[in-house]
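All of the numbers you see were taken from the coordinates with simple rules; none came from a lab. Because the structure is predicted, anything quoted here is derived from the model rather than measured.
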Amino acid sequence: MACAVLVLASAAQAAPVQLYQETFVGTTPGEALNLGTGWVGGTGKVGTATGWTSTAPPDTSDDWFARWYEGESHCHTWGTTAERPILSAERTETTFTVDWARGIANGAKFLAKVGGTWYGSETFGTGANDHGTVNGSNITGWATSTVNVETANWYAMTGNVFNTYDWRDSKAWSTTPTLLPAGTITDFGFVAYNDSNSQVFAMDNFRVEAAPEPATMALLGLGGLGLILGRKRK
């Protein structure tokens with residue numbers, strides 16, 4: 001019986017399941033974000049945007065999303081996707097993770113849409129060493145940020161961060177934190193805060209992970225128990 005308990009406990013600690021990953025590899029170097037990636041967003045580029053380089057892990061290749069804000073009509077850099085909804089039944093210890101870099105500590109948020117309403121996570125990337133580094137048009141350091149979708153605080157979007165200055169003008173988010181509502185996450189992504197020109201944002205390897213479903217973990221445990229009992233019979 002002790003062996004059975006040990007095996008089932010190990011199954012409960014099984015590695016997370018990757019539900020989604022976007023590496024921002026476009027079909028044409030330097031193309032817009034909404035071409036070839038399944039994402040929509042601002043006027044950033046994927047692939048080899050002219051003059052852009054990355055000399056730091058995790059990505060020293062040319063396949064990532066970058067945007068240089070130069071006073072377009074939308075103040076904030078953003079990107080979202082609906083190509084792989086996260087079903088309600090899959091939402092067990094769900095996490096969003098992204099590798100990103102910023103030339104300024106203005107902050108960014110993960111985005112999630114449930115029941116037709118957008119929500120933003122707590123703002124991250126406002127410290128001295130938590131937003132990567134950008135030297136001109138060269139990404140010299142990437143940061144990695146993660147949010148536990150199920151336990152983190154989220155804020156309902158009360159304005160429009162996609163093509164207005166609402167975040168800058170303190171109109172974008174509810175001030176009341178809440179857990180993300182139950183249900184399917186139909187869309188998700190990021191938004192980065194800009195407040196002046198020449199502010200760089202780069203992003204790569206956006207991934208979504210979740211704990212294995214209980215039924216899957218139980219099967220893993222039973223399979224391990226069967227192996228132990230089989231060895232004992234021999």
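Provide the gained length on full extension for the span Asp130 to Thr164, in nm with one decimal, where the gain is 0.36 nm per separating residue minus the Cα-Cα distance.
9.6 nm is the gain from fully extending Asp130 to Thr164.
Can you tell me how much longer the chain between Thr144 and Gln18 gets when fully stretched, taken as 0.36 nm per residue apart minus their C-alpha distance, in nm with one decimal?
On the way: separation 126, 0.36 × 126 = 45.36 nm, distance 1.65 nm.
Stretched out fully, the Thr144 to Gln18 stretch lengthens by 43.7 nm.
Find the Rg to Rh ratio for segment 100-195, where Rh is the Kirkwood radius over alpha-carbon pairs and Rg uses the same atoms.
Reported Rg/Rh, Kirkwood definition of Rh: 0.99.
With viscosity set to 0.890 mPa s and temperature to 25 °C, compute the Stokes-Einstein D of segment 73-143, Rh being the Kirkwood radius across alpha carbon pairs; µm²/s, no decimals.
Answer from the Stokes-Einstein relation: 172 µm²/s.
Can you list the HN-Hα couplings for segment 130-147, worked out from phi with the Karplus curve (6.51, -1.76, 1.60; θ = phi - 60°), rounded to whole Hz and with x for Gly and Pro?
10, 9, x, 9, 10, 10, x, 10, 10, 7, 9, x, 10, 9, 10, 10, 9, 10
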